[in-house]
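The values are calculated or read from the model by the stated rules, or taken from the named source; none is laboratory data. The structure displayed is predicted, hence computed values, not measured ones. Cβ sites come from the backbone with ideal geometry, for glycine too, and all protein chains shown count toward neighbours. To get the accessible areas, we keep the full protein, side chains included, count just its heavy atoms, and leave off ligands, DNA and RNA. Shrake-Rupley method; radii C 1.70, N 1.55, O 1.52, S 1.80 Å.
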Amino acid sequence: MSALTTNVLFQTLKNNRYLTNSLLRFFSASRLAVDIIIRNPEKTLLILKDESFKELKSKETYLKEIEEEVNYKWEQTKFRNFLLKFKELETLKIMFSDYFEYFSFEETTLSLSNLAKAIIETAYRYAVYHAEKRFGIPLISISDEKEKVKCRFSVVALGKLGGNELNYFSDIDLLFIYTSDKGKVYKDPNDLSSEVNISIHEYYTKIAEIITALLRGDGGKNSIYRVDLRLRPEGRSGDLVNSLRSLEIYYESWGQTWERQALIKASHAGGDSELTNEFLKMIEPFIYRKYLDISSINEIKSMKEKIDRSLKADGTSFLNVKNGYGGIREIEFFIQALQLIYGGKDKNIRHENSLTALKKLYELRYINFEDYNILTRSYKFLRTVEHRLQMMDGLQTHLLPENREEKLKFAKRIGYTEEGFYDELEIFESDYEFFTKSVREAFNHLFETKEEISDKDDILIIWEGTLPKEKSLIALREMGFTEPEKALTNISRLREGKPFAHYSSKYKIKMNETAPVIFKEILSTADPDRALNNLEKFVSSTSMKESVFPFLTDISPTREILLNIFSNSQFISEMLIQRPQLIDFINYAREEVIKSFDEDDEIREKNKEEIFKEIIEEIFNVGVDDILKKSNPLKVSRHLSSIADNFLKMVLHRAEIKCMEELGIDGRDKAKRGNLAIYGLGKLGGEEITYSSDLDIIFVYEGKGTIKTKKGEISLQEYYTKVARQVFEIAEEAEKEGIKFIIDSRLRPSGRSGLLVQDSEAYKHYFTNQAKVWERQAYTKLRFICGLKGPVKEFEEIMEDMIFGKSLSNEEALEIDEMRQRMEKEMARDKKQFFHVKFGEGGIVDIEFIVQALILKFGKENVGVRQNNTAKGLKELFLANIINKEDYQRLIKALLFLRTIENRIRILENRPLNTFYKKPERIVRLAMRIGYKQKDNKSPAEQLIEDYEKETQTVRMIYEKIFSNLVKNDMQKN
């Protein structure tokens, strides 16, 4: 890099901090990109300045740019070097657009494919130019006529290039074809006496060899693409080029299933496009059989098993993104199997691109929305992982690093950030496990179920109402409805409408067509009775029938999401039934972070109803994501806590506005007043609230003196007490609108008998003279929520000292342990009939008490462990060597598991429930909502009980060990 270029580059980066930071992140993800930039500094500067990398280019655009620079008279090495540099710089542009998200995944792979096809076309033109110059032009006869025409040649792309979904450093699978052998090569096509002593087959073999040599180079750094020609007839031992007729004979006589599979992805890459189209039309009957081709399933399954065996042998099955467990190949095989089975009768599912084919399979109902959604997401995730692996050094690799340190670096490079108590690698591995497991489940389901017996006719007869009632009830019970009488009534109402509220003929026609599909989807939900009942309520009650019907009767992912909601949560279902416009949020791409009301002005500009509406929408969004398992229970709690924070901020500011209006307080006097702040405790303080959690808060004020009202002066405490009471009143109004955040302020000093609003000195006096150890324990969850003028700093400093100023004694540890035992005895009643997730043995409270006791014990000396969130507290205690790695992992696992159960119980009715039955037959629906499925000889409910007992026993064992050490004053760092 020249000194001048270095200076220009330095100045460019110096003047653009954002660009500098972005490039540094980019460089960490790709050493290859750094090498390209070092080799091409001037070009790189130009790319960054004109932002040409943001342009999505077609094959034709790439070709035009190449043609403007290239000269076909160049010798082969010079020509290849030009193409190599062109490909290098264009790939760099695509990498920029991909990494900085100017391109979607689909646009990235399409760009890489367009670039490759343009280079192949250029290589073809170069080869033809030199072949014609050396040998002449091949002419063939048309039938028996003497007229001769020029023989045509084309390059067919297979594999990822054929599907326009190329990787950065994929092999390119090519097939060379030409029209016919019935002709000769002439030096002068106008002079039939100028025949050259070379056959047409030899002529095109020479062209194919030139194309391959240009693209491959010597196979090292001057290789443009790695060319794979093994998919041609006879593989390595077969001819390099084939005529249409020889290809037809081969596929008709010897073609195998794997070749049918490969040809699904065939598309034009270079040469004569009409010849490629003729070839594709010719092989259609070979690929797609007229009859329902179930037999191909076994062959495809055998191919995958062979791959699995080879990966198992070298120990890379769970590291191989492409061919490994739940990898890219399984998604491709899933798609291609269905295309082979049904493509003969349905041309609409024939497509070379994987994502497009998946979409068509879903739209035409060959797969359900769940499979379509998870396979699409998994494919994009796994392909993105593959891209990032290959971007680093430009190597064709599909293997994740084995070393934890290298894998952590990779997780950061791919864009993962630390979240809560998870580091980047833990989040990445969780996602990777989720997607590969989901892919394997879908793959296994398809390949274990060769034919599906349809119950379409039975459903249709019940829907039409032609079956006698008794037989309908028996059939519905056999289908899985536990309340067949109610189900039959709901079906009737969906078909005809309630009395005096009949549906349009258009709706009836569409529902008659789609009823079998809808009811099949209902039967696949966790609770068919609830799903059907809520569906009927939704359709019957909505005033937006005409706008809602398409979601039910047309091909739409929204319908399956709706049924999922109706099955899993009465709470979220009722929100939707009462506010059908919320359906617009179901497919809306939401931000990860809940929007916050940051300014007083924002609250003042909106009326109370608008803010209530926004909060309801946010709760609905979180609930839907939770039901669809897009969020783990800790993330759900964090989001619900953020919504509660916003709610309290809104309520506090609206309360003050109302008090100022009622008391006649001049707004300009605001600066002379003190401050009132709300602090959270309990689950709110720890950002751990779930559905129907109370909001444990305290009001803290600061300031002295009085404030003028229209009736005279009142003390600041009196004024802020009026504001606090108004907070409760507005919260009660919100509850009537469906926002069930119940505010509880009983954790203030002296509880119910204490003053509602107190200042820092009152807290200091109380905690110095009266507070019990359980109150110190409760206040470990303290967190600032909102304030009229921000937090009360003096209060926070005082409470830090009150809570952590002294280490927990063994007597205090014993007191906490005894309180835990009383809670279990008094609050986890009826142990014979119920499991108590929160207060029962080994329940959530055990984990919370462990964390709080250890924080009180070690928080004085170790500021890092002072965490109000249970999961974060566990992590910090582990990092501080206070609990060992094994206990930390067990407790985190149990916390996630117990919170998942709690969420699934509470989201059903939005009630503060923490128990579930011990009898398996009573909790089948709960187990299915959590995600359990029949496994071997164990029902979902039996698996849930087994896991619950195992996890809670582990928690109680750790609890007893830790408290035994605390009580004996024998608790030391590990």
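Structure values in brief
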| read-out | value |
| --- | --- |
| Of residues in the range 127-173 being among the aromatic types (Phe, Trp, Tyr) and open to solvent by 10 Å² or more (accessible area, probe 1.4 Å), the one modelled with the lowest pLDDT | Phe169 |
| Strands (runs of 3 or more DSSP E) fully within the range 114-210 counting 2 or more residues that are among the small types (Gly, Ala, Ser) | 153-158 |
| Filter pass, Gly343 being in contact (Cβ under 8 Å) with a residue 24 or more places away in the chain and in contact with a Lys or Arg (Cβ under 6 Å, 6 or more places away or on another chain) | yes |
| Residue selected from the range 355-388 under the condition of a type in the set (A, V, I, L, M, F, W, C) and under 18 Å from the mean Cα position of the chain (by Cα), by the criterion farthest from Glu101 (Cα to Cα) | Phe369 |
| Subset tally (residues that are open to solvent by 30 Å² or more (accessible area, probe 1.4 Å), part of a helix (DSSP H, G or I) and touching a residue at least 60 places away in the same chain (Cβ under 8 Å)) for the range 769-798 | 1 |
| Given (1) surrounded by 19 or more Cβ atoms within 10 Å (Cβ to Cβ); (2) in contact with a Phe, Trp or Tyr (Cβ under 9 Å, 6 or more places away or on another chain), number of the condition Ser750 does not satisfy | (1) |
| Whichever residue in the range 672-693 is touching a Leu at 6+ places or on another chain (Cβ under 6 Å) and more than 16 Å from Val723 (Cα to Cα) and, among such residues, is surrounded by the most Cβ atoms within 10 Å (Cβ to Cβ) | Leu684 |
| Verdict on Ser541 being among the hydroxyl-bearing types (Ser, Thr, Tyr), more than 29 Å from Glu478 (Cβ to Cβ) and at pLDDT 75 or above | yes |
| Residues within the range 854-881 that are open to solvent by less than 10 Å² (accessible area, probe 1.4 Å) and of a type in the set (Lys, Arg), tallied | 0 |
| Yes/no for Val517 being modelled with pLDDT under 85 and surrounded by fewer than 16 Cβ atoms within 10 Å (Cβ to Cβ) | no |
| Verdict on Lys150 being without any contact (Cβ under 8 Å) to a residue 40 or more places away in the chain and in contact with a Pro (Cβ under 9 Å, 6 or more places away or on another chain) | yes |
| Condition check for Asp669: modelled with pLDDT under 90, charged (D, E, K, R) and open to solvent by 20 Å² or more (accessible area, probe 1.4 Å) | yes |
| Complete set of residues in the range 799-831 that are over 18 Å from Lys781 (Cα atoms) and not in a helix (DSSP H, G or I) | Ser809, Ala828, Arg829, Asp830, Lys831 |
| Listing of helices (runs of 4 or more DSSP H) fully contained in the range 878-974 that carry 2 or more residues being among the charged types (D, E, K, R), under 29 Å from the mean Cα position of the chain (by Cα) and modelled with pLDDT of 90 or more | 885-909, 940-967 |
| Neighbours by Cβ (under 7 Å, 6+ apart or cross-chain): first from the range 181-195, among the basic types (Lys, Arg); second assigned to a loop (DSSP other than H, G, I, E, B) | Lys187/Gly136; Lys187/Ser194; Lys187/Val196 |
| Matching residues in the range 882-909 - criterion: being of a type in the set (S, T, N, Q) and open to solvent by 20 Å² or more (accessible area, probe 1.4 Å) | Asn884, Gln889, Thr900 |
| Which numbered condition Asp188 fails, given (1) modelled with pLDDT of 95 or more; (2) surrounded by fewer than 19 Cβ atoms within 10 Å (Cβ to Cβ) | (1) |
| Filtered residues of the range 694-719 (kept if in a strand (DSSP E or B) and open to solvent by less than 20 Å² (accessible area, probe 1.4 Å)) | Leu695, Ile697, Ile698, Phe699, Val700, Ile707 |
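This table checks each residue for (1) crowded, with 20+ Cβ neighbours inside 10 Å; (2) at pLDDT 90 or above.
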| position | (1), (2) |
| --- | --- |
| Leu382 | yes, yes |
| Met391 | yes, no |
| Gly394 | no, no |
| Lys409 | no, no |
| Gly415 | no, no |
